[in-house]
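Following: one structure in structure tokens, then a few remarks.
The values are calculated or read from the model by the stated rules, or taken from the named source; none is laboratory data. Because the structure is predicted, anything quoted here is derived from the model rather than measured. Glycine also receives a Cβ, built like all others from the backbone with ideal geometry; neighbour counts cover every protein chain displayed.
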2 protein chains.
Amino acid sequence: MAGDCLEVLRGFPEQRVDLIVTSPPYADRRPGGISPDEYTEWFMARATQFARVLHPEGSFVLNIKENVINGERSTYVIELVLALRKAGWLWTEEYIWHKRNSMPGRWPNRLRDAWEHCYHFTLSRRFRMYQDAVRVPIGDWAERRMASLSEADMTRQSSRTGSGVAKRVANWAGRTTVLPTNVLHFATESHNRGHHSAFPEALPEFFIKLFTEPGHLVLDPFCGTGTTCVVADRLGRDSVGIDVDKAVRLRPLPRLR
Amino acid sequence: MAGDCLEVLRGFPEQRVDLIVTSPPYADRRPGGISPDEYTEWFMARATQFARVLHPEGSFVLNIKENVINGERSTYVIELVLALRKAGWLWTEEYIWHKRNSMPGRWPNRLRDAWEHCYHFTLSRRFRMYQDAVRVPIGDWAERRMASLSEADMTRQSSRTGSGVAKRVANWAGRTTVLPTNVLHFATESHNRGHHSAFPEALPEFFIKLFTEPGHLVLDPFCGTGTTCVVADRLGRDSVGIDVDKAVRLRPLPRLR
DNA sequence: AGCTCTTATGAATCATTGA
DNA sequence: GTCAATGATTCATAAGAGC
């Protein structure tokens, strides 16, 4: 749906959404952007609506990263976490998205930035979670793990503990799947032309599988080009995407009120 | 040196330390521990001494992770970041330590925890950093790419002058290493007896290489079994370790005052 | 299909230049 | 003086082309 989610969500019924997963706009001093100073206030107004439309056992996943302002990591992200908690959200967990292919570059005071936050907030301590849905086949996991760290990484930084890998392979014998950790290794997707998606499909896919079942309703209040909705649809979930520029809804939404 | 670093550091001269790298005790409600509520106050008293003994162009690396209290990630860590910044420390960067082999286990409301913060604070925007000391082997993609530099590679940066081409070729010819990112993949070391493994040697090693030169002085104010000092010694740096239980200094400290 | 090789580009950051 | 725009730096991935 097109518009500011602050307004659009007012027309939504309570407790109807099972999962909110989104990557909001970053703070930005430029005209048209939200300044770091007013970011928390801006976000919390919308978070009030998020809390209203979210099911009591639902989850809210916030993908964000503090950018550098005047040589420092800005603090509006952690200030937002404190504000959300003060407003009653439970800061249940923090997942790390490790971006395997991060932007290159060299600066005198920092290395390449290769990760982003994925904060997990809930409204109650008893929330829905389907861990078995994100199990990874052992072979696949091992391969992906190897690939994600790349042979280089393995040799790079584990000369001392090189035996670790082989030892673990031995431990895997007999098992077929394992649960992943709270560190997610996904490459950013670069669609060679046209619209860039904020995050790769694998990211919303992981959280949709982890926190919803087929038929549940997924909301992305800052959906951009609609990656979250595309993934939700593919996984058999209903979805609503809201963006000031664009509207995304792939399936007719059943009995929204 | 044995004792509380708050007391011990009072006897230290100003600006003598080139790098502080440490993993402080976590907040803990149990008797003898620092409670989450008073953690920031407890830490900041010591951070005042850190700022006093640290060289103006030195670095302070804080390895920490918020533990779960009553089902939520506790907030004392990010409150500490805000407090440090308020006290004048610059929050320059945040590195993520990805623990390749995290503790097994399964909980109903979260996946296995496999990462920790490594906050990087400085006293000035111009600080010492030796990036070339932490270079890692290049990924295998490079060989193919080296075979023939793409046209875009050569023209992308300076379509106008054309001089960029030669510069670029020179930069890449024969390159075998690249700079790492701010995500560090180290396995935890399990010293099979007694002591809980603080951090693996690779972790302080990375930051000691990145922020100091041989002969510099490294301080770990919560040194535990002294991993930081052992690594510093191996890398040719002087070091001082302080712990309430134990004293660690491997080399005689030259002209400490 | 499967493989190799080529090419574009991604929520980046800093220093410098220009308004 | 501040603030905006431009240039320089650099790595990993997937799409696409070619065989």
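When each of A:90, A:111 is tested for being free of Cβ contacts under 8 Å to residues at least 24 places away in the same chain, more than 8 Å from DNA strand C (Cβ to nearest atom) and facing chain B (nearest Cβ under 7 Å), the lone residue that passes is A:111. Scanning the range A:114-137 for residues that are more than 16 Å from DNA strand C (Cβ to nearest atom), aromatic (Phe, Trp, Tyr) and part of a strand (DSSP E or B) returns a single hit, A:121.
Screening residue A:116 with (1) away from DNA strand D (no atom under 16 Å from the Cβ); (2) at pLDDT 95 or above gives one miss only, at (1). Listed conditions (1) at pLDDT 95 or above; (2) away from DNA strand D (no atom under 11 Å from the Cβ) are all met by residue A:111, apart from (2). Residues considered: A:88, A:58, A:105. Of these, the only one that is over 27 Å from residue A:38 (Cβ atoms) and part of a loop (DSSP other than H, G, I, E, B) is A:105. If only residues of the range A:7-45 that are part of a loop (DSSP other than H, G, I, E, B) and within 16 Å of DNA strand D (Cβ to nearest atom) are counted, the one that is surrounded by the most Cβ atoms within 10 Å (Cβ to Cβ) is A:26.
Considering the range B:30-66, and only residues there that are within 12 Å of chain A (Cβ to nearest Cβ) and touching a helix residue (DSSP H, G or I) at 6+ places or on another chain (Cβ under 9 Å), the residue that is farthest from residue B:221 (Cα to Cα) turns out to be B:66.
Across the range A:171-190, the number of residues qualifying as touching a Ser or Thr at 6+ places or on another chain (Cβ under 7 Å) and either of a type outside the set (D, E, K, R) or at pLDDT 95 or above (or both) comes to 2.
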